[in-house]
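K.L.:
One structure, pasted below without further comment.
The values are calculated or read from the model by the stated rules, or taken from the named source; none is laboratory data. The model shown is predicted, which means the values in this text are computed figures rather than measured ones. Note that we place each Cβ from the backbone using ideal geometry, even for glycine, and neighbour counts take in every protein chain shown.
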Amino acid sequence: MNTSVDWRAVDLVIFDVDGTLYDQSRLRLRMALEMAGSALAGGGARDLRIVRSYRRHRERLAEMESETFVESQFVDVAADVDATPELVRKVVAEWMDRRPLRHLASSRYAGVERLFEALRRSGRGIAVLSDHPAEAKLDALGLKSDLTVSACDPNVRRLKPHPAGVRHILSVTGTLAQRALFIGDRFERDWLAAARAQVPALIRSRLRHPRCATFRSYRSDVFAALGCDLGSASAAWGSPPAAHAGAAYHAREL
Ligand SMILES: [Mg+2]
């Protein structure tokens with residue numbers, strides 16, 4: 001398995017969230033149980049149809065690289081399940097944003113917190129790029145990033161594998177593509193988005209990939225150097241361009 005990463009060449013690590021920082025299968029199982037309980041109590045069957053349709057449409061919009069997914073994601077689902085876009089938005093916010101929060105801490109992958117600490121200690125930047133708003137999820141996971149970007153943000157508006165989010169993070173942090181590393185869990189989304197922005201990627205997977213490094217857990221040897229003999233990042237990526245100075249970005253002292 002390819003697990004080689006030259007950490008001396010990494011100033012900024014960009015993390016995906018779902019399935020990368022926590023066990024998404026475990027969370028989905030818990031949410032399915034909660035939703036089944038809600039269905040028994042009445043009203044949950046409709047919500048289940050909306051959530052399933054929303055997930056399906058999101059995948060399709062990502063593959064289409066839609067420029068209008070922020071608006072159409074709710075309209076398309078509403079048409080599919082015969083509901084109003086407002087109801088779809090409300091159900092998605094409830095079942096995909098709010099309710100999962102209480103399960104996130106217990107679903108966090110072992111070693112993630114230590115990796116964040118090691119990266120911070122070594123002077124490297126930490127950014128997060130998610131296809132969903134991620135601030136509340138990071139809080140629930142007990143993790144802090146220097147920059148958190150969502151595909152829904154006004155200056156991104158593209159789902160992975162479009163590289164807009166990755167490029168936006170490089171621009172805001174002033175990082176060269178070859179000095180960044182993307183850590184994700186999906187080859188066809190995370191690796192592809194990173195590759196299209198010329199950013200190396202490291203994918204959490206049991207499968208091999210001919211073109212990118214993979215790892216099975218945060219205890220993998222690929223991260224060992226961060227806790228041992230890895231020096232500080234060689235180039236400061238500190239000051240954001242003036243146009244972005246007000247963004248949710250916190251420059252570090254290097
Ligand atoms: Mg993911």
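K.L.:
Any chance the stretch 6-20 includes a residue that's more than 16 Å from the ligand (Cβ to nearest atom), under 21 Å from the mean Cα position of the chain (by Cα) and part of a loop (DSSP other than H, G, I, E, B)?
P.N.:
yes
K.L.:
(1) under 18 Å from the mean Cα position of the chain (by Cα); (2) among the hydrophobic types (A, V, I, L, M, F, W, C); (3) crowded, with 16+ Cβ neighbours inside 10 Å: which one isn't true of residue 83, the others all being true?
P.N.:
(1)
K.L.:
Now for a separate question. Report whether or not residue 172 is assigned to a helix (DSSP H, G or I) and either farther than 21 Å from residue 119 by Cβ or away from the ligand (no atom under 16 Å from the Cβ) (or both).
P.N.:
Yes.
K.L.:
Which of the residues belonging to the stretch 180-212 are in a helix (DSSP H, G or I) and either hydrophobic (A, V, I, L, M, F, W, C) or within 12 Å of the ligand (Cβ to nearest atom) (or both)?
P.N.:
Scanning the stretch 180-212 gives 187, 188, 189, 190, 191, 192, 193, 194, 195.
K.L.:
Please verify whether residue 215 is in contact (Cβ under 8 Å) with a residue 12 or more places away in the chain and either within 12 Å of the ligand (Cβ to nearest atom) or of a type in the set (Ser, Thr, Tyr) (or both), treating the condition exactly as stated.
P.N.:
No; evaluated as a whole, the condition is false for this residue.
K.L.:
Failed condition for residue 55, given (1) buried (at least 16 other Cβ atoms within 10 Å of the Cβ); (2) within 15 Å of the ligand (Cβ to nearest atom); (3) not polar (S, T, N, Q); (4) not assigned by TED's automatic domain parsing to the domain that holds residue 141, with all others met?
P.N.:
Just one mismatch for residue 55, condition (1).
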